[in-house]
Amino acid sequence: DNDPFVGFNIGTDVSNLLPPANVVAFLQAQKVTHVRLYDANPEILKALAKTKIRVIISVPNNQLLAIGSSNTTAASWIDRNVVAYYPQTLITAIAVGDEVLTTVPSSAPLLVPAIESLYSGLVAANLHTQIKISTPLAASVILDPFPPSQSFFNQSLSSVMVPLLKFLSRTGSPLMMNLYPYYVFMQNKGVVPLDNSLFKPLTPTKEMVDPNTLLHYTNVLDAMIDAAYFSMKNLNVTDVVVLVTESGWPSKGDSKEPYATVDNADTYNSNLIKHVFDRSGSPLHPEVTSSVYIYELFNEDLRAPPVSEANWGLFHGNSTPVYLLHVSGSGTFLANDTTNQTYCVAMDEVDGKMLQTALDWACGPGRANCSEIQPGETCYQPNNVKNHASYAFDSYYQKSGRASGSCDFKGVAMITTTDPSKYFFLLV
């Protein structure tokens, strides 16, 4: 049970969501082993019975007041939502609220009392060793997140964070964090490269280095996880593990979110899954790989704008995939394009002269097949350097057996899972 895993958040703001029994059958067909619910939906909990799928249930933020101010209310919540289903339904943890400290700060004083009261209810039911209790925190509770060694919890939250961490340490519960490299990238464009945010393989010069520890970070998520470890260490807590309760990338956005694309969402989530299954841990804690719940399983089409809010899912509510993941080696896990076909294309917004130089090299010394992009040939139109370069880069990359390093062209090319020939037909 201690192996790292990838789970999924299941939100239900979906107009055509399958009935609970069908949702569970779908989870089993997709080989999903861990899910997180945003409440303790009795129909879904019943449907999960005897399936071996492990589930985190949640106390919604609007119930914190009642539970935090009454042990009796907390005990009856445990009886109604845990004892009634366990162990037929494998409840592994209770998430108390969601990003309470940042979204409903007025409830912050009740957070730890609510957690303690629920824990007492678990103790009374003798389930406190099987079921953990924690609360998912937003990444913004950590200030100065990069370099990770300089990060610390917002000191205005100390009255909650100190007793919370003591509780987690005492009960062997994880620190639940919602970590989104997508938002880090959007807020720091120009500072944080897209490739680092998407777990793309980097040359050593593009890795981020923490000047205090000299640890090398090849991706943003590991840096965010280590920022949480350093922040805990600053409060003398070193025995609590980080559990990533949400992470993901939207597949569609409005004009203000140009990086919310199917290709980026596929790349992020595919690489995230590989990263967890590789069990390489984080630079600070290579011996501990954080498990991650991807946000989210289904597109929640009823969510309020912006557009991206409704487009974080891997599947539509009727269970058809929004896109196929590229996770070679992880078996039949999820809607997975096992052909694992990749292509090499010119990056957006690259200097035209650099592209032309790379194109000349690919068609010359690189011996790519550039006959189709000559005047009058089928892929000559649209006649611009970016499209011609994409054609030539991909020809070279495929001819090289998609070998590592064969899609760089001095930093103007990138690997994609979208067939570039589709671009030509769309644009002609």
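The values are calculated or read from the model by the stated rules, or taken from the named source; none is laboratory data. What you see is a predicted model; the values in this text were computed from it and never measured. As a convention, Cβ positions derive from the backbone with ideal geometry for all residues, glycine included, and neighbour counts pool all protein chains shown. Just the protein is used for accessible areas: all its heavy atoms, side chains included, with ligands, DNA and RNA removed. Shrake-Rupley method; radii C 1.70, N 1.55, O 1.52, S 1.80 Å.
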Where a ≥ b ≥ c are root eigenvalues of the Cα gyration tensor, a/c under 1.5 meaning rounded, otherwise prolate if a/b exceeds b/c and oblate otherwise, the stretch 1-154 counts as oblate
The answer for the longest stretch of the chain without any exposed trypsin sites (Lys or Arg not before Pro) (DSSP loop, at most 13 further Cβ atoms within 10 Å) is 53-188
Sorted by chain and number, the residues with a modelled amide H under 5 Å from that of HIS316, at a separation of 5 or more or across chains, are ASN299, VAL322
Counting only protein heavy atoms and rolling a 1.4 Å probe, one gets per residue an accessible area for the stretch 118-264 in Å² of 42
Relative to the longest principal axis of the chain, what angle (0 to 90°, nearest 10) does the C-alpha long axis of helix 262-278 take? 60
Please list, in chain and number order, the residues 5+ apart from VAL327 or on another chain whose amide H is under 5 Å from its amide H, with Hs placed from the backbone. ASP337
In whole angstrom, how far apart do the alpha carbon centroids of the stretch 215-245 and the stretch 152-212 sit? 6
Ellipticity estimate at 222 nm from DSSP helix runs (n ≥ 4, -39,500 (n - 2.57)) divided over the chain, nearest 500: -10000 deg cm²/dmol
With a ≥ b ≥ c taken as the square roots of the eigenvalues of the C-alpha gyration tensor of the stretch 55-113, please select rounded if a/c is under 1.5 and otherwise prolate if a/b is larger than b/c or oblate if it is not? oblate
Taking Cα atoms, how many degrees apart are the long axis of helix 220-234 and the longest axis of the chain, rounded to 10 and kept between 0 and 90? 40
Anisotropy class of the stretch 74-177 from Cα gyration tensor, a/c 1.5 cut: prolate
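When the accessible area of the chain is computed with all protein chains present and a 1.4 Å probe, what percentage of it is carbon and sulfur?
Details: 10360 of 18990 Å².
In the chain, the share of accessible area belonging to carbon and sulfur is 55 percent.
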Compute the acute angle (0 to 90°) between the alpha-carbon long axis of helix 352-363 and the principal axis of greatest extent of the alpha-carbon atoms of the chain; round to the nearest 10°. 70
How far is the Cα center of the stretch 1-79 from the Cα center of the stretch 90-127, in Å? 15
Note, ³J(HN,Hα) from phi for the stretch 112-124, Karplus 6.51, -1.76, 1.60, rounded to Hz, x at Gly and Pro: 5, x, 5, 4, 4, 5, 5, 4, 4, x, 5, 4, 4
